[in-house]
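Enquirer: Pasting a structure here, questions to come.
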Ligand SMILES: Cc1cc2nc3c(=O)[nH]c(=O)nc-3n(C[C@H](O)[C@H](O)[C@H](O)COP(=O)(O)OP(=O)(O)OC[C@H]3O[C@@H](n4cnc5c(N)ncnc54)[C@H](O)[C@@H]3O)c2cc1C
Ligand code: SF4
């Protein structure tokens, strides 16, 4: 499945195309929503750094609201630095704060939908009525565990058409996002073992990173030395 292509196909669908034809893309952007919430909070302090806002995953997912959480955690973090002068202790302070209290109330709503729409809706009603007082906490699943092996997956017939609306491809699209990088910026994406990319990952998963990245950052290239992962960052 190619998320970028699916979105372009939607724009080129007979229902939407007449609305967009003749228009011009001035700028474009998209971002993923951080859904983990209360159960997925990482350790938010480390030597020289503290996580706040979306970098810590503080969005209230059922409300799709995170700016107030970002601001509150930012203010608390500033307060912590002013009081102690160090990052140590920030993790405990955030966990004991109103920011986490809010996330705790809604913690079971998003994972409830993993059991299906009807269960999810009933569960959301219950959790809202009880303000999250249920004595249980539903688990999140690890993201990678949702990935199917190519051998276990049959792609549905998609009937995708030839596209005529811009952008032409992912790179043309990234141009409209106006991202800026220094030419000599060190690559910040680290893959622990790139041998896996051309062996097990290629065979079992068909290199998913080459499809999910909207900027085409991950590429499998082939040269005299053979196939390898190239990170265009
Ligand atoms: C589709 C969608 C709808 C949403 N709707 C709402 C809503 O209606 N109300 C609401 O309250 N919240 C909403 N949210 C959530 C809200 O947008 C976020 O929770 C909030 O913006 C988080 O703020 P932040 O400052 O933590 O992170 P961000 O807003 O993500 O800010 C991080 C900034 O850092 C910059 N950055 C990243 N890397 C670097 C780097 N290496 N160097 C320099 N800068 C860098 C980014 O460009 C970005 O500007 C929505 C989110 C999504 C995805
Ligand atoms: S090809 Fe991509 S998805 Fe596969 S192991 Fe390498 S980095 Fe990960």
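Enquirer: Quick check: pseudo-label points 7 Å beyond the Cα along Cα→Cβ at residue 144 and residue 161, how many nm apart are they?
Expert: 4.0
Enquirer: Can I ask one more? For a Förster distance of 30 Å, can you work out the FRET efficiency between the beta-carbons of residue 71 and residue 130, rounded to the nearest 0.05?
Expert: Values: r = 28 Å, r/R0 = 0.92.
The value I calculate is 0.60.
Enquirer: Between residue 92 and residue 181, what is the FRET efficiency for a Förster distance of 35 Å, r being their Cβ-Cβ separation, to the nearest 0.05?
Expert: On the way: r = 36 Å, r/R0 = 1.02.
Computed FRET efficiency for residue 92 and residue 181 comes out at 0.45.
Enquirer: Still on this structure: Cut-off is 10 Å between beta-carbons; in what order do 187, 106 appear when sorted fewest neighbours first? Could you put the intermediate results ahead of the total?
Expert: Numbers: 187 10, 106 19.
Placing the least packed residue first, the sequence is 187, 106.
Enquirer: What nm distance separates the two modelled labels at residue 122 and residue 101, each placed 7 Å from Cα along Cα→Cβ?
Expert: Using points 7 Å along Cα→Cβ, the separation is 3.2 nm.
Enquirer: Determine, for 76, 10, 51, the number of other Cβ atoms within 10 Å of each Cβ, and report the residues in order from fewest to most. Can you show the working numbers first?
Expert: On the way: 76 18, 10 11, 51 21.
With the sparsest Cβ surroundings first, the list reads 10, 76, 51.
Enquirer: A further question follows. Between rounded, prolate and oblate, where does region 183-233 land on the alpha carbon gyration tensor, with a ≥ b ≥ c its root eigenvalues, rounded for a/c under 1.5, else prolate if a/b exceeds b/c?
Expert: prolate
Enquirer: Same structure again: In what sequence do 50, 100, 71 fall when counting other Cβ within 10 Å, fewest first? Working shown, then result.
Expert: Values: 50 24, 100 20, 71 13.
With the sparsest Cβ surroundings first, the list reads 71, 100, 50.
Enquirer: For region 37-146, with equal point scatterers placed on the C-alpha atoms only and solvent neglected, what are the log10 I(q)/I(0) values from the Debye formula at q = 0.16, 0.21, 0.23 1/Å, to two decimals?
Expert: Taking Cα atoms of region 37-146 as identical point scatterers yields -0.74, -1.09, -1.22.
Enquirer: For the chain, how big is the tail of P(r) above 24 Å, as a whole percent of Cα pairs?
Expert: Numbers: 17278 of 27028 pairs.
Every Cα pair in the chain considered, those over 24 Å come to 64 percent.
The numbers here are math on the coordinates, done by the rules we state, and not lab data. Predicted, not measured: the structure shown is a model, and the values here were computed from it. Counting neighbours? That spans all protein chains shown, and the Cβs are built from the backbone with ideal geometry, glycine included.
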